[in-house]
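Undergrad: Shown below is the structure under consideration.
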Amino acid sequence: MSKPLVSIITPVYNGEQYLLETIESALAQTYKNFELIIINDGSTDNSVHIIRPFLKDSRVIYIEQKNTGVAAARNTAIKHAQGKYVGFLDQDDLWLNNKLEIQIAALEQDESIALVHSKQSFIDSHGNAIDYDWVTGASGYCFEEMFKKNRIAVLTVLIRKSIFDEIGLFNEQLSGADDYEMWLRVILKYPVKYIDQSLVFYRFHDSNISKNSFKMTILEHKVINTIIFEHPEAYNLVGKKAVRARLYELNHQLGGWYSWHNQDFHQARKHYWLAILNCPFILNNYYQLVYCSLTKQLRKSINWHLSKVKTIFYKT
């Protein structure tokens, strides 16, 4: 019985620092029937020189394109992929050498599941293990759980390529959270399987978009609104109360980010108002909306008086 081909997709944009280790972790898989598709997404660093020696391996496919973002790079690779299954290995992360072997067995055993994912371990920029609490474990028809929070790490996923033929490619307008939107679309139709075993290493470093909580919240907000607009059946699956709770949470967070961190009170007002519309009984949002509607001078005066009150309170 022939072993199915797997397409490993590695988008690269100025990834010279960790790229060598990443490619080596793909080529070290105990499951050997794969192709490694490396998409150079307009890199301006030394990435191409790191990739070039690996092109002697017939399994390595190299494609260059103008910089259009990670979602577009993944889509380019999927269009070229010949595998029955597709996995995602970003330029700074690592796979354990038995990842494909374990996950292919799971997919071959149960043809009803669209994808399989797993736990992940975490390392710092030097490759040292670190503790980080990222809740995963989504399994079966888990749209309601995933709607509340993404529980599937793209690095851990192995998915049937036929799924992309049915539901489409990654949404390039959501690059950075395109994986979350994709999993929501998948789980609307199919169950998924979770393997309670760490099969990958996710690397934390200064350039991780996932470390930018503000940007990730903006992207999550766009994902949820996209899903609700394009897939109204989501209301039936999770209920209006859960939809409103999720929209409230995201808009409340964004109101805080825009007002306190960015001093963009126009955007802050917009998100506090949306928070109120979705959950009108939390009084603090009304206070924040009024505060953001004041002039700069009035806000400065209020802050000064509040600081004096706090000083007196702490002294007593």
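Undergrad: Please find, among S125, S121, S112, the residue that is surrounded by fewer than 18 Cβ atoms within 10 Å (Cβ to Cβ) and touching a His at 6+ places or on another chain (Cβ under 6 Å).
TA: Numbers: S121 fails: touching a His at 6+ places or on another chain (Cβ under 6 Å); S112 fails: touching a His at 6+ places or on another chain (Cβ under 6 Å).
Just a single option satisfies the conditions, and that option is S125.
Undergrad: Inspect the stretch 286-301 for any residue being among the hydroxyl-bearing types (S, T, Y), under 26 Å from E220 (Cα atoms) and open to solvent by 80 Å² or more (accessible area, probe 1.4 Å) and give the result as yes or no.
TA: Among the residues of the stretch 286-301, at least one is among the hydroxyl-bearing types (S, T, Y), under 26 Å from E220 (Cα atoms) and open to solvent by 80 Å² or more (accessible area, probe 1.4 Å), which makes the answer yes.
Undergrad: Ok, one more. Looking only at residues that are within 21 Å of Y202 (Cβ to Cβ) and within 14 Å of the chain's Cα centre (by Cα) in the stretch 130-147, which one is least open to solvent (accessible area, probe 1.4 Å)?
TA: The qualifying residue least open to solvent (accessible area, probe 1.4 Å) is M146.
Undergrad: Also: Report yes if some residue within the stretch 90-109 is among the β-branched types (V, I, T), in contact (Cβ under 8 Å) with a residue 24 or more places away in the chain, touching a helix residue (DSSP H, G or I) at 6+ places or on another chain (Cβ under 8 Å) and closer than 28 Å to L19 by Cα; otherwise report no. Quick ask: steps written out before the conclusion?
TA: Applying the first criterion (among the β-branched types (V, I, T)) to the stretch 90-109 yields 102, 104.
Within this subset, residues satisfying the condition of being in contact (Cβ under 8 Å) with a residue 24 or more places away in the chain are 102, 104.
Cutting the leftovers down to touching a helix residue (DSSP H, G or I) at 6+ places or on another chain (Cβ under 8 Å) gives us none.
Scanning the stretch 90-109 turns up no residue that is among the β-branched types (V, I, T), in contact (Cβ under 8 Å) with a residue 24 or more places away in the chain, touching a helix residue (DSSP H, G or I) at 6+ places or on another chain (Cβ under 8 Å) and closer than 28 Å to L19 by Cα.
Undergrad: I need the full set of residues from the stretch 77-123 which are of a type in the set (D, E) and either touching a Lys or Arg at 6+ places or on another chain (Cβ under 8 Å) or closer than 26 Å to G168 by Cα (or both), in order please.
TA: Of all residues in the stretch 77-123, those of a type in the set (D, E) come to 90, 92-93, 101, 108, 110-111.
Once the filter is applied, which keeps residues that are of a type in the set (D, E) and either touching a Lys or Arg at 6+ places or on another chain (Cβ under 8 Å) or closer than 26 Å to G168 by Cα (or both), the stretch 77-123 yields D90, D92, D93, E108, D110, E111.
Undergrad: Let me spell it out: the conditions are (1) over 16 Å from the mean Cα position of the chain (by Cα); (2) more than 14 Å from F201 (Cα to Cα); (3) in a loop (DSSP other than H, G, I, E, B); (4) of a type in the set (G, A, S), and G127 meets all of them except one. Which number is the exception?
TA: Of the numbered conditions (1) over 16 Å from the mean Cα position of the chain (by Cα); (2) more than 14 Å from F201 (Cα to Cα); (3) in a loop (DSSP other than H, G, I, E, B); (4) of a type in the set (G, A, S), the odd one out for G127 is (2).
Undergrad: Only one of these is under 30 Å from D196 (Cα atoms), in a helix (DSSP H, G or I) and open to solvent by less than 40 Å² (accessible area, probe 1.4 Å): L100, L36, L20. Name it. Step through it out loud before you land on a result.
TA: On the way: L36 fails: in a helix (DSSP H, G or I); L20 fails: open to solvent by less than 40 Å² (accessible area, probe 1.4 Å).
Every option except L100 fails the conditions.
Undergrad: Would you please list the contacts, defined by Cβ atoms under 8 Å and residues six or more apart or on different chains, that run from a residue in the stretch 55-80 that is touching a residue at least 40 places away in the same chain (Cβ under 8 Å) and basic (K, R) to a residue that is crowded, with 19+ Cβ neighbours inside 10 Å and not in a strand (DSSP E or B)?
TA: Here the result reads R74/F170; R74/D178, each pair linking the stretch 55-80 to a residue that is crowded, with 19+ Cβ neighbours inside 10 Å and not in a strand (DSSP E or B).
Undergrad: Checking the condition in a loop (DSSP other than H, G, I, E, B), of a type outside the set (D, E) and either at pLDDT below 95 or in contact with a Cys (Cβ under 7 Å, 6 or more places away or on another chain) (or both), which residue from S2, S112, S58 passes? Reasoning before the result, please.
TA: Numbers: S112 fails: either at pLDDT below 95 or in contact with a Cys (Cβ under 7 Å, 6 or more places away or on another chain) (or both); S58 fails: either at pLDDT below 95 or in contact with a Cys (Cβ under 7 Å, 6 or more places away or on another chain) (or both).
Step by step, each of S2, S112, S58 is checked, and only S2 is in a loop (DSSP other than H, G, I, E, B), of a type outside the set (D, E) and either at pLDDT below 95 or in contact with a Cys (Cβ under 7 Å, 6 or more places away or on another chain) (or both).
Undergrad: Output the helices (runs of 4 or more DSSP H) that fall wholly within the stretch 193-288 and possess 2 or more residues being in contact with a Pro (Cβ under 7 Å, 6 or more places away or on another chain), closer than 30 Å to G15 by Cβ and among the polar types (S, T, N, Q), or say none.
TA: Values: elements: 213-230, 233-238, 240-256, 265-278.
In the stretch 193-288, there are no helices (runs of 4 or more DSSP H) which contain 2 or more residues that are in contact with a Pro (Cβ under 7 Å, 6 or more places away or on another chain), closer than 30 Å to G15 by Cβ and among the polar types (S, T, N, Q).
Undergrad: In the list F229, F204, F214, which residue meets the criterion of being open to solvent by 60 Å² or more (accessible area, probe 1.4 Å), of a type in the set (A, V, I, L, M, F, W, C) and within 21 Å of N150 (Cβ to Cβ)?
TA: F229
Undergrad: Residue under question is D179, and the condition is that it be under 22 Å from A153 (Cβ atoms) and either touching a residue at least 40 places away in the same chain (Cβ under 8 Å) or open to solvent by 40 Å² or more (accessible area, probe 1.4 Å) (or both); does it hold?
TA: Numbers: under 22 Å from A153 (Cβ atoms): yes; either touching a residue at least 40 places away in the same chain (Cβ under 8 Å) or open to solvent by 40 Å² or more (accessible area, probe 1.4 Å) (or both): yes.
So D179 passes the test.
Undergrad: Let me ask something additional. Quick one: which of K56, K79, K84 is more than 24 Å from the chain's Cα centre (by Cα), more than 11 Å from T10 (Cβ to Cβ), of a type in the set (K, R) and open to solvent by 10 Å² or more (accessible area, probe 1.4 Å)? If you could, list the steps in order and put the result at the bottom.
TA: Working: K79 fails: more than 24 Å from the chain's Cα centre (by Cα); K84 fails: more than 24 Å from the chain's Cα centre (by Cα).
None of the others qualify; the one that does is K56.
Undergrad: Here is a follow-up. Test of understanding: among K241, K308, which residue is over 22 Å from K148 (Cα atoms) and open to solvent by 80 Å² or more (accessible area, probe 1.4 Å)? Even if it seems obvious, please write down each step before you answer.
TA: On the way: K241 fails: over 22 Å from K148 (Cα atoms).
Selected residue: K308, the only one of K241, K308 that is over 22 Å from K148 (Cα atoms) and open to solvent by 80 Å² or more (accessible area, probe 1.4 Å).
The values are calculated or read from the model by the stated rules, or taken from the named source; none is laboratory data. Since we're looking at a predicted model, the values are computed, not measured. All Cβ positions, even for glycine, are placed from backbone atoms using ideal geometry, and neighbour counts span all protein chains on display. Please note that ligands, DNA and RNA were not included when accessible areas were found on the heavy atoms of the full protein model with its side chains. Shrake-Rupley method; radii C 1.70, N 1.55, O 1.52, S 1.80 Å.
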